[in-house]
1. Within the P(r) computed for the chain, what percentage of the Cα pairs occupies the region above 41 Å?
2. So how tilted is helix 448-459 from the main axis of the chain? Cα-based, degrees 0 to 90, rounded to 10.
3. Against the longest alpha carbon principal axis of the chain, how many degrees, from 0 to 90 and to the nearest 10, is the axis of helix 356-367 turned?
4. With a 1.4 Å probe and all protein chains left in place, how much accessible area per residue does the stretch 288-496 have, in Å²?
5. Calculate, for the stretch 1-129, the solvent-accessible area per residue in square angstrom, rolling a 1.4 angstrom probe over the heavy atoms of the protein chains.
6. Once you've got the Cα coordinates, tell me which of Lys382/Lys413; Lys125/Lys413; Lys219/Lys381 are over 30 Å apart.
7. Report the GluC sites (Glu not before Pro) located in the stretch 305-412 that are in a DSSP loop and have at most 13 other Cβ atoms inside 10 Å of their Cβ, or state none.
8. Apply 1/(1 + (r/R0)^6) to the Cβ-Cβ distance of Ser341 and Thr50, taking R0 = 56 Å, and write down the FRET efficiency to the nearest 0.05.
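The values are calculated or read from the model by the stated rules, or taken from the named source; none is laboratory data. All figures in this text were calculated on a predicted structure; none of them were measured in a lab. A quick note on method: Cβ atoms are made from the backbone with ideal geometry, for glycine too, and the neighbour counts reach across all protein chains shown. All accessible areas refer to the heavy atoms of the entire protein, side chains included, with ligands and DNA or RNA removed. Shrake-Rupley method; radii C 1.70, N 1.55, O 1.52, S 1.80 Å.
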Amino acid sequence: MDRAAGKNPPLLSKSRFIAGLQCPLRLWYQCYAPQLASDIRPAQQAIFDTGREVGHLATGRYPGGTLIEEDHLHHAEAVRSTTAAMGQSDTPAIYEAAFGFEGIRVRVDVLERSLSGRWNLVEVKSATAVRDVHLWDVAVQLHVLSGSGLSIDRAGLLHINTAYVHPGQAPVLAELFHFDDLTPLVFARQEDTHAQLGRLRQVLSEGQPPAIQPSRHCKHPHLCEFWDHCTDKMPEFWVLQLSGISQSRLDELSRLEISDIRDIPAGFPLTEIQDRIRTCVQTQTEYRSPNLARELGLLQHPIHFIDFETVGPAVPRYPGTRPYQSLPFQFSDHILRRDGSVDHREYLCREDKDPRTEFTRALLDALTADGSVVIYTTYEKKILRALANDLPEMREALHAAVDRTVDLHAMIKKHYYHPQFRGSFSLKSVLPALLPQMDYQDLAIQEGSQASVEYLRMIGPQTPAAEKEKIERDLLAYCGQDTLAMVRIREALLGS
Ligand code: SF4
């Protein structure tokens, strides 16, 4: 792959700068081979949409400001509009202010006129705390603004305050958002920012993409959009599938030029579970601890296999709820009786309302007082505990349900491995390995984050009735599949 010869290197932007810090190859691809990126997944799109919603809401914290309306395709016009707005002394703030300096373009979420007549730089994020990537984000904006001749008083991050509680009326923006002043930190990063920009420009001036192999860095701070492309040629049993492998071990394997688990020599230091994975892969056999059947045998009938779907909006939707609070809106409960018969109970909230009370009543009614409650990971237990905290009238029954839970995920991780798990113990990996005929391919909804997005669409006022009915069917099919999968996985593990 070669970029077109003789062309000027492309311009940088704030997001390209952040992409380049994560991985120079990601920046190179963004500029010269964007067609290699995977399509945006619904869950990813939902994160972008949340960011836009939060960004729009945040401007209310700086009333009376001027929005620069020209998009990124009209940057020069946007810069001119920004200059004009800054010249209006009665303009207290500018939203989406545009600047360019030394080939870097940025849009500032909020540029606030400070009391001294200088400017405050405000970056808005739907995050709940400051992370290192945010410091770089603000630092590069500061670099461009300072280069453009602005004097900056304060620079920082406006993010969601998780202690905020929906007051039962319109959001109180002064409480929903928290401003972290990062001024000294981002001023201290200016030299590094300058150096990083130089490094990234050098990357973009090369005719060939930088030689970088996919690894842990591809998922932090965000899953790279070129992941599918970069991992396409990795071995079927790639060393990154070794559960919990550290970066130093990966580096050691890389020095030994080993990328396939099958090539790892005996004696290479691995943890117990990693060693188990290596053995299973190298011998193409499963691992089954003698304790597996014993632990499964301890489950009490009727055995309830449960799964919840939840939604956690950044901006709380219902009175008394907090930002990102997980609200369960759906459950599925497959009930295995002693005689081998299986019943099914389920609940789905169909209205735009706080679902917790109705959900909990239906759940407790389904669970009755007997039998084990099988969950997959501890998420459901966490939700049950949160409900016990929020709903005092059902607290005792919820704690009793918590006491009956057994985590099938933890049991499998401890006592079983199949080479086709590919290092993952998620239901979506375990199910097709044990029961190839039963996967998620035919379902319209294939993961929990997508279920949340679809649920919000279902209860939204704009969605036509026929579409709501389809989403309802899709949600019920998805959640039901998760719990039926657990019933069948138990059978497969017992060999029955
Ligand atoms: S998948 Fe990884 S290696 Fe490939 S471009 Fe993205 S971050 Fe870089």
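1. Details: 41357 of 122760 pairs.
Beyond 41 Å sits 34 percent of the P(r) for the chain.
2. 80 degrees
3. Tilt relative to the chain: about 20 degrees.
4. Numbers: 9200 Å² over 209 residues.
Each residue of the stretch 288-496 exposes 44 Å² on average to a 1.4 Å probe.
5. Working: 6660 Å² over 129 residues.
On a per-residue basis, 52 Å².
6. Values: Lys382/Lys413 19 Å; Lys125/Lys413 36 Å; Lys219/Lys381 27 Å.
Listed pairs above 30 Å: Lys125/Lys413.
7. Working: sites: Glu309, Glu346, Glu351, Glu358, Glu380, Glu393, Glu396; in loops: Glu351.
The qualifying sites are Glu351.
8. Details: r = 43 Å, r/R0 = 0.77.
The value I calculate is 0.85.
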